[in-house]
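The structure appears right after this line, and notes come after that.
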Amino acid sequence: MDRIDPQPAANERTTLLKFLDYHRATLLIKVDGLGAADMNQPIATSTLTLSGLLKHLALVEDDWIQVRFLGLAEEEPWASAPWDDDRDWEFNSAQFDDPNALRSLYQAACERTRSALVDTDLETLSVGTDRDGQQWNLRWILTHLIEETARHNGHADLLREAIDGIVGE
């Protein structure tokens, strides 16, 4: 099964089916070439943290809606981040941020998204384009935000369980 990026302006049915196929293929990629011992390993060592996830998902909200969809300039803390020196700056710098500040950063990004999209039709095309010059429709972007948030919620479940045994829904 090939993993193919969903088309940026497809109809709703195609978008949903293509995102499902994308994630099906992603799972198969994750297990490709692994034997029983590897497949039964409970958790690998990782540098991923809950603070890094919060900061990353705040960036995802702002980048996809404010920058790519609306065409606005990056705001802080993203505008001055040293992306050329550290492509994972949001993950790596989060350890130095106050947890409440990170919660607020994420909540504010989510609220900017909600406010920006009031009464916006799902067929509305982005100002920004993908690497092939195609615009995304809002339906595709929202589906992508769901996918990205859901994927990282899975990571958050594992991280939280490792911290104090609490598991999410």
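The values are calculated or read from the model by the stated rules, or taken from the named source; none is laboratory data. Not measured: the values here are computed from a predicted model. Cβ: placed from backbone, ideal geometry, glycine included. Neighbour counts: every protein chain shown. Just the protein is used for accessible areas: all its heavy atoms, side chains included, with ligands, DNA and RNA removed. Shrake-Rupley method; radii C 1.70, N 1.55, O 1.52, S 1.80 Å.
Cut-off 15 Å, label point 7 angstrom out along Cα-to-Cβ of T129: give me the residues of region 1-41 whose amide nitrogen falls inside. Backbone N within reach: 8-9.
Expressed in units of 2.2 N^0.38 Å, where N is the residue count, the Cα radius of gyration of region 26-86 is 1.65. Taking the 1.4 Å solvent-accessible surface of the chain as the whole, the part contributed by carbon and sulfur is 52%.
From its DSSP helices (H runs of at least four residues, each -39,500 (n - 2.57)), the chain gives a residue-normalised ellipticity at 222 nm of -16500 deg cm²/dmol.
Taking all protein chains into account, the per residue accessible area for region 1-126 stands at 67 Å² (1.4 Å probe). Here the extension length gained between A81 and T45 equals 10.3 nm, from 0.36 nm per residue of separation less the Cα-Cα distance.
The smallest convex shape that holds all Cα atoms of region 22-164, its convex hull, gives 153 Å³ per residue.
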